[in-house]
Amino acid sequence: MSDAVSAALPAAPVSAPATAPAWAAVFSLTLGVFGLVTAEFLPASLLTPMAQSLGIAEGVAGQAVTVTAAVALASGLLTAVATRGIDRRLVLLFFSVLLIASNLLVATAPSLTVLLLARVMLGIALGGFWSMAAATAMRLVPPDQVPRALSMVFSGVSVATIAAAPLGSYLGGLYGWRAVFHAATALAVVGLVAQLATLPRLPPQGVARLSTLVAVLRRPNIGLGIVCTVLVFGGHFALFTYIRPFLEQVSEVEIGGMALLLLAFGLANFAGTLLAGFLLQRSIKLTLTLMPLLIGGSALALLLLPASLPLHAVLVALWGMAFGGVPVGWSTWLARAVPDEAESGGGLIVAAVQLAIAGGAALGGLAFHLGGIGSVFAGGGTLLLAATLIVAAGVRAPR
């Protein structure tokens, strides 16, 4: 990221003052997050044709998802340190270019080795871009509008969650899985162009070191907040990983009804992301406490109340809406709690989320194996209610 690279890029405006919100730049971050999460989720809906095309087992092809999550965890933690001293605009643009290269490489991959290399590149871009998104949004809008900006950025996650799997499966059936990744490449190019046009120059703030991560964790209340982040995300993913078996076995929903319920979850999740922006402007503590309470309560209600499709549809939608506020809520909390080290804080959030995804799915699988789907929802719901109590009693809302 030398001066020569800077000179080769289109001129960017100087970082806007806090009184002039740069909403176009915030939207360009949303496009970046959307493109990254879409690329992360696509293999889940294309695993069978990908495995057949490359001549490998589906379980082996599934490692394309695992390696992305593992690298994203490391990238989220190390990005602030590895790129200290570099204009944040250049760093974000680099990750967007890496996303484009990853999608192109997947689309043309002749072997498993090339596929995994491409997914490693995606993991670097995903963890790095996501870890910097909150800190960048904080610099693009006035302080009182930060929650709304973060809700806009993380709405990209919700839209990708809704769109990636069904669209990937549908388009893959029509045009082949490689064409889907070519389309994802075009989407990433759109995000890059938007960032080139709207992101101002953002000189680095502070001096991030590896010791900074430890120092941030040792600040009062931060370590507990990260633990709560892992608990809330882990409880959700323990439940959501096994939502289909629950709907099949308990709700007795047929495949058409299941698709509608999952669509309702996704749409409610998107609405919850937007709603969280307004709730956070009023009370961060209330938002952080309410979301796991609603998710855990919905899970236990699904398990304990009589099976009824209308009731289950309402509870699934409530669950989706509540989870929509979780990424926005915890990112806002940490950005406000450590405003001087927001990038390192963002890295901790990314690492916590990736750890929670892996741990939650694994614990949910163990519960399913030992006690069936009822154990998954009983355990996940109880964990989320316990997290609610810890948040309410121990986590302090930053001023």
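Select from the range 317-367 the residues that are over 28 Å from Ala135 (Cα atoms) and surrounded by fewer than 24 Cβ atoms within 10 Å (Cβ to Cβ) and list them in ascending order.
Ala317, Leu318, Ala361, Ala362, Leu363, Gly365, Leu366, Ala367
For Pro147, which of the numbered conditions (1) surrounded by fewer than 24 Cβ atoms within 10 Å (Cβ to Cβ); (2) in a helix (DSSP H, G or I); (3) not hydrophobic (A, V, I, L, M, F, W, C) fails to hold?
Unmet condition: (1).
If you check Phe265, Phe240, Phe278, which single one turns out to be under 24 Å from Pro147 (Cα atoms) and within 19 Å of the chain's Cα centre (by Cα)? First the steps, then the outcome.
Details: Phe240 fails: under 24 Å from Pro147 (Cα atoms); Phe278 fails: within 19 Å of the chain's Cα centre (by Cα).
That would be Phe265, the only listed residue that is under 24 Å from Pro147 (Cα atoms) and within 19 Å of the chain's Cα centre (by Cα).
Out of the residues in the range 81-97 that are open to solvent by 70 Å² or more (accessible area, probe 1.4 Å) and touching a residue at least 24 places away in the same chain (Cβ under 8 Å), state the one that is farthest from Leu196 (Cα to Cα). Explain how you work it out, then say what you get.
Restricting attention to the range 81-97, the residues satisfying the condition of being open to solvent by 70 Å² or more (accessible area, probe 1.4 Å) are 82, 84, 94, 97.
Filter once more, so that each one left must be touching a residue at least 24 places away in the same chain (Cβ under 8 Å): 84, 94, 97.
Numbers: Arg84: 21, Phe94: 11, Val97: 11 Å.
Within the range 81-97, the match that is farthest from Leu196 (Cα to Cα) is Arg84.
Within the range 35-60, which residues are more than 17 Å from Ala184 (Cβ to Cβ) and either small (Gly, Ala, Ser) or surrounded by 22 or more Cβ atoms within 10 Å (Cβ to Cβ) (or both)?
Residues of the range 35-60 that are more than 17 Å from Ala184 (Cβ to Cβ), as a first pass: 48, 51-52, 54-60.
Passing the criteria: Ala51, Gly55, Ala57, Gly59.
Are there any pairs with C-beta distances below 8 angstrom linking a residue in the range 266-292 that is touching a residue at least 12 places away in the same chain (Cβ under 8 Å) to a residue that is part of a helix (DSSP H, G or I) and open to solvent by 70 Å² or more (accessible area, probe 1.4 Å), with the two at least 6 apart or on different chains, and if so which?
Gly277/Arg148; Phe278/Arg148; Leu279/Leu286; Gln281/Asp144; Gln281/Arg148
Hey, which of the helices (runs of 4 or more DSSP H) in the range 242-315, taking only ones fully inside, have at least 1 residues that are within 30 Å of Thr332 (Cα to Cα), touching a Ser or Thr at 6+ places or on another chain (Cβ under 9 Å) and among the small types (Gly, Ala, Ser)? Spell out how you get there, then give the answer.
Values: elements: 243-249, 255-282, 284-304.
Where helices (runs of 4 or more DSSP H) fall fully within the range 242-315 and carry at least 1 residues being within 30 Å of Thr332 (Cα to Cα), touching a Ser or Thr at 6+ places or on another chain (Cβ under 9 Å) and among the small types (Gly, Ala, Ser), they are 255-282, 284-304.
Restricting to the range 139-171, count the residues that are without any contact (Cβ under 8 Å) to a residue 12 or more places away in the chain and of a type in the set (D, E, K, R).
Result for the range 139-171: 0.
Please pick out the residue among Ala11, Ala18 that is outside any helix (DSSP H, G or I), in contact with a Pro (Cβ under 6 Å, 6 or more places away or on another chain) and modelled with pLDDT under 80.
Unique residue meeting the criteria: Ala18.
Any idea which of (1) touching a Ser or Thr at 6+ places or on another chain (Cβ under 9 Å); (2) modelled with pLDDT under 90; (3) loosely packed, with under 14 Cβ neighbours inside 10 Å; (4) assigned to a helix (DSSP H, G or I) is the one Ala197 doesn't satisfy?
Going through the list (1) touching a Ser or Thr at 6+ places or on another chain (Cβ under 9 Å); (2) modelled with pLDDT under 90; (3) loosely packed, with under 14 Cβ neighbours inside 10 Å; (4) assigned to a helix (DSSP H, G or I), Ala197 breaks only (2).
Name the residue that is farthest from the chain's Cα centre (by Cα), counting only residues in the range 34-71 that are outside any helix (DSSP H, G or I) and of a type in the set (Gly, Ala, Ser).
Here is the first cut: in the range 34-71, the residues outside any helix (DSSP H, G or I) are 55-57, 62.
Next, from what is left, pick out any that are of a type in the set (Gly, Ala, Ser): 55, 57, 62.
Details: Gly55: 31, Ala57: 28, Gly62: 19 Å.
Among those residues, the one meeting the criterion is Gly55.
Being surrounded by 24 or more Cβ atoms within 10 Å (Cβ to Cβ) and either closer than 22 Å to Val326 by Cα or small (Gly, Ala, Ser) (or both), is that true of even one residue in the range 158-176?
Just the residues of the range 158-176 that are surrounded by 24 or more Cβ atoms within 10 Å (Cβ to Cβ), to begin with: 158.
Narrowing further to those that are either closer than 22 Å to Val326 by Cα or small (Gly, Ala, Ser) (or both): 158.
Yes, the range 158-176 contains at least one residue that is surrounded by 24 or more Cβ atoms within 10 Å (Cβ to Cβ) and either closer than 22 Å to Val326 by Cα or small (Gly, Ala, Ser) (or both).
Among the candidates Ala125, Ala24, single out the residue that is in contact (Cβ under 8 Å) with a residue 12 or more places away in the chain, in a helix (DSSP H, G or I), out of contact with any strand residue (DSSP E or B) (no Cβ under 6 Å at 6 or more places or on another chain) and closer than 15 Å to Ala188 by Cα. Walk me through it before giving the result.
Numbers: Ala24 fails: closer than 15 Å to Ala188 by Cα.
Only one candidate qualifies: Ala125.
Search the range 106-122 for residues that are assigned to a loop (DSSP other than H, G, I, E, B) and pair each with any residue that is open to solvent by less than 50 Å² (accessible area, probe 1.4 Å) and among the small types (Gly, Ala, Ser) when their beta-carbon atoms are under 7 Å apart and the residues are at least 6 apart or on different chains.
Ala109/Ala118
Can you find, within the range 368-380, the residue that is nearest to Ser331 (Cα to Cα) among those that are of a type outside the set (Phe, Trp, Tyr) and surrounded by 24 or more Cβ atoms within 10 Å (Cβ to Cβ)? Show your work before the answer.
Taking the range 368-380 as the starting set, the residues that turn out to be of a type outside the set (Phe, Trp, Tyr) are 369-376, 378-380.
Still in the running and surrounded by 24 or more Cβ atoms within 10 Å (Cβ to Cβ): 376, 380.
Working: Val376: 27, Gly380: 22 Å.
Looking at residues that are of a type outside the set (Phe, Trp, Tyr) and surrounded by 24 or more Cβ atoms within 10 Å (Cβ to Cβ), I get Gly380.
Any chance you could count how many residues in the range 281-291 are more than 16 Å from Asp144 (Cβ to Cβ) and surrounded by fewer than 24 Cβ atoms within 10 Å (Cβ to Cβ)?
So in the range 281-291, the residues more than 16 Å from Asp144 (Cβ to Cβ) come out as 285-286, 288-291.
Okay, now just the ones that are also surrounded by fewer than 24 Cβ atoms within 10 Å (Cβ to Cβ), so 285-286, 289-290.
Number of matching residues: 4.
Inside the range 98-122, can you point out the residues that are within 20 Å of Leu187 (Cβ to Cβ) and either open to solvent by 10 Å² or more (accessible area, probe 1.4 Å) or in contact with a strand residue (DSSP E or B) (Cβ under 8 Å, 6 or more places away or on another chain) (or both)? First the steps, then the outcome.
To start, the set of residues in the range 98-122 that are within 20 Å of Leu187 (Cβ to Cβ) comprises 98-109, 115, 118-119, 121-122.
Of everything in the range 98-122, those that are within 20 Å of Leu187 (Cβ to Cβ) and either open to solvent by 10 Å² or more (accessible area, probe 1.4 Å) or in contact with a strand residue (DSSP E or B) (Cβ under 8 Å, 6 or more places away or on another chain) (or both) turn out to be Leu98, Ile100, Ala101, Leu104, Leu105, Thr108, Met121.
Quick one: which residue in Ala362, Ala358 is small (Gly, Ala, Ser), in a helix (DSSP H, G or I) and either touching a Pro at 6+ places or on another chain (Cβ under 7 Å) or closer than 30 Å to Arg88 by Cβ (or both)?
Ala358
Right, Ser6: at pLDDT below 70, surrounded by fewer than 14 Cβ atoms within 10 Å (Cβ to Cβ) and among the polar types (S, T, N, Q) or not?
Details: at pLDDT below 70: yes; surrounded by fewer than 14 Cβ atoms within 10 Å (Cβ to Cβ): no; among the polar types (S, T, N, Q): yes.
No.
Out of all the residues in the range 281-317, which are in contact with a Lys or Arg (Cβ under 8 Å, 6 or more places away or on another chain) and among the hydrophobic types (A, V, I, L, M, F, W, C)? Let's see the steps before the verdict.
Of the residues in the range 281-317, the ones in contact with a Lys or Arg (Cβ under 8 Å, 6 or more places away or on another chain) are 281, 284-285.
Of everything in the range 281-317, just one residue is in contact with a Lys or Arg (Cβ under 8 Å, 6 or more places away or on another chain) and among the hydrophobic types (A, V, I, L, M, F, W, C), namely Ile284.
The values are calculated or read from the model by the stated rules, or taken from the named source; none is laboratory data. Since this is a predicted model, take the numbers as computed values, not measurements. Note: ideal-geometry Cβ built from the backbone for every residue, glycine included; neighbour counts use all protein chains shown. When the accessible area is computed, the model is the full protein with side chains, heavy atoms only, and any ligands, DNA or RNA have been set aside. Shrake-Rupley method; radii C 1.70, N 1.55, O 1.52, S 1.80 Å.
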